[in-house]
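Below is one structure, written out as structure tokens, with a few remarks after it.
The values are calculated or read from the model by the stated rules, or taken from the named source; none is laboratory data. All of these numbers come straight from a predicted model, not from anything done at the bench. Using ideal geometry, Cβ is built from the backbone for each residue, glycine included, and neighbour counts are taken over all protein chains shown. To get the accessible areas, we keep the full protein, side chains included, count just its heavy atoms, and leave off ligands, DNA and RNA. Shrake-Rupley method; radii C 1.70, N 1.55, O 1.52, S 1.80 Å.
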Amino acid sequence: MALADVIKCGIDSIKQMSEHIEGAILYLDSGCTESFQYMGAFPVLLDLGARAVCSLENMSSLDAVVDWNSNFDPTRKIVVMTSRLLSDAHRYIVRCLSTHHGVRRCAIFTSISEIAHSAYPDSPLGPDAFHEYETLLLQDYEELVKKCETKSRQSEVGNFKEKLTNEDDGWSRLTSSEKDNPHLEATSSGKDFCEDNPLGPLEDVGQTLVVSVHHFPMILCPFSPRVFVLPSEGSVAEACLSFEHEDSLSPGLPSISTGSFSDGDDVPPAATLTANFLYHLASKMDLKMEIFSLGDLSKTVGKILTDMSSLYDVGRRKRSAGLLLVDRTFDLLTPCCHGDSLVDRMFSSLPRRKRTTSYNHMKGSQTQSKLGLSSVKRSPVDVQIPLAKLLSEEDSKVDESFLSKNIEAFLCGWDTYNTSSQIVHLVDLSKKVHNEKSLSSEIQLLSGSFVSSENFRGTPYMEAILDRRTKDGAVLIKKWLQETLRQENLNVNVRTRPGSATKSELQPMVKALAESQSSLMRNRGIIQIAAATIAALDESHSTKWDTFIGAEKMLHVSAGDTSQSLAAQIQDLINKSTLASSHGQKYGKMEPSGGLLSIKDALLLMITGYILAGHHFPTSGSGGPFSWQEEQFLKDAIMDALIDNPSEVKLKFLHGLTEELEANINRIKSEESKETSSNQLDIDDFDDDQWGTWGEEDADDNKKQVYNDMQLKLELRDRVDNLFKFLHKVSGLKGRNIPMRERAFGLESNFDGDYYSSKGLLYKLLTKLLGKNDVPGLEYHSSTVGRLFKSGFGRFGLGQAKPSLADQNVILVFVVGGINGLEVREALEALSESGRPDIELILGGTTLLTPADMFDLLLGDSSNI
């Protein structure tokens, strides 16, 4: 029996497209690029005969020149793959067709199914969505061709796409305007379409174009064969998980569970898209799901999945599997904290790829105005590993020219986000080879990323470190490096200690492997993962992470004592961060360095403290977990921090007030500077008349300024009060998320003693379920057969017992709202402790969450505060 493997399933699905890919220019949107990067799919695409693999959002007429398969015939085929709704990708698809004039066939693959397109609240497409889109795309394209022919006859040059967007009453008016995308505005003129024609004569444009639309569901970012998240710029990950209302924390998180069920217009768009994705993922893996859910939104997703299975799975024989859906809001503590996970450290330390573009498909829609619908801007999952910086850091003996040639060769086959402009970049790079500063900056733009299929003797790198703590993972990577060096017959003069791994030990090994071009290419996988580990272990990142761990440990200890102790600990952290930030600004730094905590850090720790307070000191009604006096001290501390450091962190609840706070602190600094200067003046320079006049004017100015200061503080006080109302909601999650946490997981007993060592929700949940213990609040979604038994056959003694998740040999756990590396490790630990090696556990989530992501969801731009 085949093992469950999302990477293999994805690659196999790509190979099934071979007929479309061969001889075609392949355009991937940012979500598909992110997915295929992790999947290791780019060599497969080229092996299948793709002429070029290019960016959909940043396409160019020169894309056809980059022919990887030495095919000099004019381009006749285009394949577009998108992780978005067709309405979102439409303007980019039209742009592709208008640029490549000789195209005869255009195949479009979207990760969003026809059912999801028709069910999406703002979609103009119906049940036959793909055929409808084919017709609408051809209409828009033919209209564009007619306008081009007219202007060619008149020898006029105009901007056809802008006119098509603004004047046409058809499909194009439903898409975003050109001004939303500067890349499109700059390169999509009528001149490009009618005059610049590197691919053939203009009369080719009028020939018949055949368009076909297909569903390709396997757009996901696998970290290992059994761990995945969704691409950050895909429609599913960006869709709203909750509407703005009393029980909502963020559009990027499920609402607080109250036991109610959403239906009709109350169902968030993400529920439909997530359910459709999971259904088709299971179908591709030949799995028949027994569905369990925990949380209101997960219950809604489970119901949609059950309805789909009832309609489409009748009579189909598949492998049985269990699906466990969990709302992220059942456990906000774990992703907010800094756990012992090398993967989490890596993703928090490494820079992320910038978002390619913004798809504002909901802008101005009726759905948005009615329900406050908004998309979520997730942090890209793709990281940029600073390979060049690592290889050149603190090494004056490195031959810069030789190093640059090796890195260029490496990046030619490695970088995937700049394929259309890679040649230009490398030409410019060679011209600047003797300029160290320019060389470094150019190389940094071409940083690589993780590829989950890279492995060491059959063991995938990412899969191995997901299952290990920070120290164990780093030591394993050091062993891999040492073994690789032995295979390459390379000697490195570095002192190592058994059982540990540091940056000073790993960096010389990586440099040695990268010295020759052939070694660099052969060992790119271990070099990349080792470079990411070095970045995570770097003092600038590891010290801050360890400081967080210490602060969180103190909060856990205080939470086990009294509410007064916990409140005092939170206040102390806020005060220390204020002093650290003020000290940093004194020396020209926006944020404190090293292990000192910033205001943003203190606010994140305050969220952690309030969640802990909700666990230990439950409240009822709208009151918080602390007394009025304790909370007043916290409010005063926050007020002082924001007044003294208004520009350090971007907070949504200060929107519109930050500028005034910055002006206020600048005025105070200016007055302090003037006062210092005035104290140095000789008092004898002023006569009596001058003193009298100057004092009266100063008194009037002071009264006005005192009034302005008071108004500003009152406004800030109102904003801070709203912040604490939000914190009350967060701390009250335990009581509002269906009273099942203590009964389900025995939290109080688990947290006796060393509370900090307690596990997260997934560990407790899997431990209970694999032990076949009941979990109150867990809902089983009956299959069609189960409903038949319940409806009638039970009268004849044919009643069906409620199945258990532990009865399944394949279990897929999906966290609606996101998952982090620590939870993956703990879930695998729970499986190991269960004594069930026969179970194949697959873990997934909406996105990969870091503490910084949680801050953005709860207090940043993505918050509902």
Ala275: passes all of (1) of a type in the set (Gly, Ala, Ser); (2) under 30 Å from Pro460 (Cβ atoms); (3) open to solvent by less than 20 Å² (accessible area, probe 1.4 Å); (4) over 23 Å from the mean Cα position of the chain (by Cα) but (4)
Picked from region 1-30 (must be in contact with a helix residue (DSSP H, G or I) (Cβ under 8 Å, 6 or more places away or on another chain) and of a type outside the set (A, V, I, L, M)), the residue most open to solvent (accessible area, probe 1.4 Å) is Lys15
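Do you know which residues across region 473-499 are part of a loop (DSSP other than H, G, I, E, B) and hydrophobic (A, V, I, L, M, F, W, C)?
Across region 473-499, the qualifying residues are Leu490, Val492, Val494.
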Restricting region 526-541 to residues that are open to solvent by 10 Å² or more (accessible area, probe 1.4 Å) and not charged (D, E, K, R), the one nearest to Ala613 (Cα to Cα) turns out to be His541
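In region 213-237, which residues are among the hydrophobic types (A, V, I, L, M, F, W, C) and in a loop (DSSP other than H, G, I, E, B)?
Correct list: Phe216, Met218, Ile219, Leu220, Leu230.
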Residue pairs within 7 Å by beta carbon, gap of at least six or interchain, first lying in region 794-820 and within 24 Å of Tyr279 (Cα to Cα), second buried (at least 24 other Cβ atoms within 10 Å of the Cβ) and modelled with pLDDT under 80, listed first then second, are none
Item to complete: Consider Arg717 carefully, then state whether it is among the basic types (Lys, Arg), at pLDDT below 55 and out of contact with any Ser or Thr (no Cβ under 7 Å at 6 or more places or on another chain).
Response: no
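Residue by residue, here is whether (1) crowded, with 19+ Cβ neighbours inside 10 Å; (2) over 28 Å from the mean Cα position of the chain (by Cα); (3) farther than 22 Å from Pro269 by Cβ; (4) at pLDDT 50 or above holds:
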residue: Tyr120; (1), (2), (3), (4): yes, no, no, yes
residue: Gly126; (1), (2), (3), (4): no, yes, no, yes
residue: Leu136; (1), (2), (3), (4): yes, yes, no, yes
residue: Thr150; (1), (2), (3), (4): no, yes, yes, yes
residue: Leu164; (1), (2), (3), (4): yes, yes, yes, no
residue: Glu167; (1), (2), (3), (4): no, yes, yes, no
residue: Trp171; (1), (2), (3), (4): yes, yes, no, no
residue: Pro182; (1), (2), (3), (4): no, no, yes, no
residue: Gly190; (1), (2), (3), (4): yes, yes, yes, no
The lone condition Arg95 fails out of (1) outside any loop (DSSP other than H, G, I, E, B); (2) among the basic types (Lys, Arg); (3) at pLDDT 90 or above is (3)
Looking at region 365-376, is at least one residue open to solvent by 10 Å² or more (accessible area, probe 1.4 Å), at pLDDT below 90 and within 20 Å of the chain's Cα centre (by Cα)?
yes
Filtering region 90-108 down to residues that are open to solvent by less than 10 Å² (accessible area, probe 1.4 Å) and farther than 17 Å from Ile25 by Cα yields His90
*asked:* For region 66-82, check the following and say yes or no: at least one residue is open to solvent by less than 10 Å² (accessible area, probe 1.4 Å), farther than 18 Å from Leu137 by Cα and touching a Leu at 6+ places or on another chain (Cβ under 8 Å).
replied: yes
Considering region 483-520, residues that are under 26 Å from Pro225 (Cβ atoms) and open to solvent by 40 Å² or more (accessible area, probe 1.4 Å), and then whichever is farthest from the chain's Cα centre (by Cα), we arrive at Gln487
| said: On the basis of being farther than 21 Å from Thr274 by Cβ and modelled with pLDDT of 90 or more, does His101 make the cut? | reply: no
Per the filter on region 646-660, residues touching a helix residue (DSSP H, G or I) at 6+ places or on another chain (Cβ under 7 Å) and modelled with pLDDT of 85 or more are Phe653, Leu654, Leu657, Glu660
Of (1) modelled with pLDDT of 90 or more; (2) farther than 15 Å from Leu723 by Cα; (3) open to solvent by 40 Å² or more (accessible area, probe 1.4 Å), Asn666 satisfies every one except (1)
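Considering Glu244, Glu238, which residue is of a type in the set (Asp, Glu), at pLDDT below 95 and open to solvent by 20 Å² or more (accessible area, probe 1.4 Å)? Show your work before the answer.
Working: Glu238 fails: open to solvent by 20 Å² or more (accessible area, probe 1.4 Å).
After applying the criteria, what remains is Glu244.
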Exactly one of Lys553, Lys544 is open to solvent by 30 Å² or more (accessible area, probe 1.4 Å), in contact with a helix residue (DSSP H, G or I) (Cβ under 6 Å, 6 or more places away or on another chain), of a type outside the set (A, V, I, L, M, F, W, C) and modelled with pLDDT of 90 or more, and that residue is Lys553
